[in-house]
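Shown next, in C-alpha cells, is the structure this report addresses.
No lab work stands behind these numbers, since they all come straight from the coordinates. What you see is a predicted model, and the numbers here were worked out from it, not measured in a lab. In this analysis, Cβ positions are derived from the backbone assuming ideal geometry, glycine residues included, and neighbour counts consider all displayed protein chains.
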Amino acid sequence: MKRNRNETNGFEKWGGYMEAKKTKLEKQFTEKAAGDSNHVKSQIFKGISIFVNGYTLPSANELKRIMMENGGIYHHYHRPNITTHIIASNLPTAKLKLLKQFKVVKPEWISDSLKDGKLLNYENYLLFIDNPNQPKIDFPIRAKNASEPTFLSEFYNNSRLHLISTMATTFKHLVNDTRKRNQTDYPGRQRLKNWIEQNRVKDMLSHDSELNNDKIIMHIDMDCFFVSAGLVEKPELRGLPVAVTHAKGNLSKQREGVDRGTEFGLYVKRWKGDDDENVDEEEEKVHEIKPRSTKRDGINETDSMAEIACCSYEARKVGIKNGMLVGQALKMCPALKLIPYNFEQYKKVAHTLYAHILNDYTLDVEAVSCDELYLDCSNILEITKASPFELATFLRKEIKEKTQCPCSTGIGSNCLLARLATKKAKPDGQFYLEPGIVMDFMKNIDISDVPGVGRTLGHKLSTLGISTCGELSALSLQTLQNEFGNKTGLSLYKHCRGEDDRKLNYDYKPKSVSVDVNYGIRFQNKEESENFVRQLCSEIEKRLDDVEMNGKTVTLKLMIRNAEAPKESAKFLGHGFCDNITKSSSLTKSTSNSKIIFQVVNKIMNQLDIDPTELRGIGIQMNKLESRIITGHGRIENFISNMKSEPKINHILPNENTVNDKIISTKVSNPKNHQGSSTENFNKPKSVMDFFKPKENLNSKKKLNTLNSKSIIPNKTLINIKMSQVDQSFLDALPADLRLEIENELKSYENQNSPLVENENVSTMEVTMTEESSKLYQHVQIDQMKEFIEEWVVTEKEPKMCDNIMVSKYLCNLINDAKTEDAYEIIRKLYRLIKNKDDLAWKQSYFDILKNVQEVMLNLYNAKMKVETTFK
C-alpha cells in the first residue's frame, strides 16, 4: 500500500528522509575525524568538501581517509550547495553534461596536493573545461587501448555484453535474497482480483480441474529491450526504424593498414572448411554452411563494422536484424535512426520489472537476464481464481505502466512451451499454449528454436533432411541416440514433442566466473600485457567476492592474430581473424586471491611465450567454484587444525648412515619412555610449529651417543626453517589464523638465531617430518597430491628445500604402505612437469626426491623403482 504523500514521516524538520540521511553521514564523518583514533596530519584540505563519483585511483575509501586526516570533508552524496568539488576519473558523456556547472576534478588533484604539502590549483586538474571563450566542452580523452591504465574500467562502463552478464547475475542474486524473506503478502494479487471483477474479463478457457492441477509457467520477455528503454527518453522516435549501437554512422575515410577483403576471405575459408585443398565434392557440399559470412556481404572499406545490439520492429520490417553491421543496415534503410546505449536506463527498467513481480506477485521466479524471466504462476492462479490469459493481460498492463516499455508473455505447462509461446506472442502480445494443442503447435516449430540446437547440431540435422520439430519427431529415440549420443538424442526426442523436465531454478549458484576482453587489446611489450592481466585478475577477485566463492581451476583463453591476418582488424580495435588458445591449471586449494591467480596465469603465458604485440583477446575463467561458507573435508588446513590438539609423540632419529638428502623415520610406540616429559608438558597445548620439530626420546638418545660428535643434534626444540624458505603460496592457502601463527613462530625462531647443528659451515640440514605431518599427507588423496605437485612445479620459479621434504616424505609413506603404484604415478607426473623446465634446480630437486624414494625401495624390496633417471 502506497503511503500518502501528505502524511508525516518524522523527518520533516531535517528536510525529508534523504536529507536527514545525508546530514547523519556528515555528522558521523565529523565525529570520527575529531576522535582520538584519527591521526590528523595537516589542514591542507580545510574548507574542501568532496564527493567521489565512480571508480577512482586512489579509491573512494582512500580519498575519504585522506580528507579525514588532512582537514577536509567527505560527502557520501553530492550536495550541490555544499560540496565544493566532485572527484572523478571517468564519466559518461551524458553525466558530464549534467555536471558541467560544477567543479569536476581528477583524483590526482588530491594525491598531488598531499605529495606537495599544499593545496594545488584545481583548474589544472579539471575533468573537462567549459568557459565563455571555449564554448565546446573538452571532454576527457578516452583510453586508446588496453595498454592504458583506465582502459578496463572504460571498457566495462561501455560494454553491452558486460552489462547483460552482470545484470543477469545481479537479478539472480536478487531472487535468491528476496526468497529468504519468506514473504506472504502480495498486494498485486488483490489488485488482479479487483480488476477481474470490475472488467468482467472472461478467459476463453473454463477453470476445469485439468487447469487447476497442471503446473503453469509464464515466460516474460521485454520487447526490443534496449530500443524500448532508450525511447523512454526519446519518445519522438517511436514508430520509426531505430537501432542501438556504439556507432554514429559510417567512416569518412578508410583506416590505414586495414584490408577487409583479406580478413573476410579468411573467415569464409574457415567456415567453409577450405583449409585442406584436397576436399572431394561431397565433403565440399557438407561444409558449405556459412552462418555469419552474409553479415559482411556488401561491406566496403568505409562502412561501419559496429554491430547493432537491438533494433525496433519498424527496422525489422525492412530486413534489419540484431547483430547486423551498421554499414550493411544503413544500405538497407538509409533513414535508420542510430541511438547510443543508455545503461542507466536499462538498469532502472530491469529493476522495476523484477521488483514488481517479486514484491507484488510471487517469489517463484527464475531470472534469465535483465529483460527476461520465468515465473511459476500456479499458486497465483489458484488463489486469485484468474485464468492464465487474465493474469497475462493484467501483468503486461502493469509492467507497461511502470516501465513505459512493452513486453510479451508466453504461457505453458513447462519452460520450453512457455518460451515458444512468447515467440509467437511477440510483439507486445500474449499466447497461452493449451495442453490440447501442443502436438499440432510443435510440428511447425523450426528446429533452430529448440534448446541446445546450435549451428553444428542444426547443420547435422539439416543433412538428415530435418528442419522442423515435426520432421524430427518422426525419428525414433534409438535412431536419435545412435546418431547424436544418449544424452543429446534423448533431449531432442523430448523437446521436439514439447516435453521439458527442467524445473525453475530459484537457487542460483554460478558454475564459473570469468572476465574476457577481446576489444582494444594492443600491447607494445610484455610489461603492458602483464599489467593488464593483473587488472583482469583483480576483476576476477572482485567478482568472486561478489558471489562469495573461490575457484580451484584457472583457465586462460587467448586470441592471437592469425599469421595471414592483416595487422589492423576490419573493426576498429577489434580482434580480427585469430587463432585461439586455451590452457587450464588446477590449484591445490580454491582461492579468490588475485595475486595467486596472476601467478598461475603469468606462468602459463610465459610457457606459451607469445609475442605480446600479437595478442588480440585475453580471458580468465575460474572453475570448480566452492562456497566460502562451507568448507570441504580432507583439506590440508583441516588436518593441521585437527592435529593441533593430538598428544601423540613420535620421534625422528638421525641414522649414522644418513646423508643430507636421505629421510629415515622411526616411530616410538611407548610415549611414557619419553625422557624429560611431564604431565604438564604433555598436556600443554601445542603450536603449529611443534609438529615440525624433531623430538628426542630414550631410544634416540642412545642412538645419538653412537654418532660422531660433530653431527649430534643438540637437545633444542627449534627447527631450522627460515621465513624466506617457506613457499608464500603455501602460506596464502592456509586459513588466516593458522597462517599468522606459523609466521609469528617462524619469525620468533629466526630472532633467537640458534643454530640447529654445531657445525656452522654445514648447509641447512634437512629435518624430517614428525608422525603428525606424515599423517597429514597420508590423508591427502592421490589426485589431490597430483594437483598439488602440478601447482608447485608450474607456479614456483625454483623448488624450496621444505617442499622437497614434503613430497619425499609423502612418496616414502606410500611405499611403506605398499602403495608403490601410486608413488610411481606421482613420480612420473613430477618427471613430465620438470622435464619442460630449463632450471637446473628443478632437475636437482627431482633427483633428490628420487634418491629418497629409491633408498626406501632398497630397504623394503631390495630393488629400485624403474623410473627415468636422466633428462634428455
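Below are the figures for this structure:
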read-out: Rounded Å value of the spacing that divides the Cα centres of region 297-348 and region 573-620; value: 33 Å
read-out: Out-of-range pairs (alpha-carbon distance over 32 Å; input K27/K400; K103/K144; K41/K348; K460/K526); value: K27/K400; K41/K348; K460/K526
read-out: Using a Förster distance of 30 Å, the FRET efficiency for F847-S584 (Cβ separation, nearest 0.05); value: 0.55
read-out: Residues with amide H under 5 Å from that of C578, placed H, sequence gap 5 or more; value: N562
read-out: Surrounding net charge for L490, when Lys and Arg each add one and Asp and Glu each subtract one, Cβ distance under 11 Å; value: 0
read-out: Computed label-point distance, nm, for sites D507 and H76 using a 7 Å Cα→Cβ extension; value: 3.4 nm
read-out: Nonlocal amide H pairs with M324, under 5 Å, H built at 1.01 Å; value: I308
read-out: Spin-label zone in region 150-170 - amide nitrogen under 16 Å from a point set 7 Å from the Cα of H351 along the C-beta vector; value: 163-164, 166-170
read-out: 14 Å beta-carbon shell around T84, net charge (K/R +1, D/E -1); value: +1
read-out: Theoretical FRET efficiency, 1/(1+(r/R0)^6), r = Cβ-Cβ of T463 and R497, R0 22 Å, to 0.05; value: 0.50
read-out: Between region 439-475 and region 853-872, the Cα center-to-center distance that results, in Å; value: 60 Å
read-out: Extension reserve of the E798-D185 stretch, reckoned as 0.36 nm per residue once the Cα distance is removed; value: 214.4 nm
read-out: Long-range tail of P(r) for region 401-440 (Cα pairs > 17 Å, %); value: 30 percent
read-out: Antiparallel DSSP beta bridges within region 363-484, percent to nearest 5; value: 60 percent
read-out: Chain lengthening between R270 and Y831 when straightened (0.36 nm per residue, less Cα-Cα); value: 198.1 nm
read-out: Karplus (6.51, -1.76, 1.60) ³J(HN,Hα), θ = phi - 60°, over region 153-167, in Hz, Gly and Pro reported as x; value: 5, 5, 4, 6, 5, 10, 8, 5, 5, 5, 4, 4, 5, 6, 5
read-out: Chain lengthening between A563 and Q28 when straightened (0.36 nm per residue, less Cα-Cα); value: 186.5 nm
read-out: Simple spin-label estimate for N379 and H39 in nanometres, 7 Å along Cα-Cβ; value: 5.5 nm
read-out: Modelled FRET efficiency - R0 60 Å, Y156 with N862, Cβ distances, 0.05 increments; value: 0.40
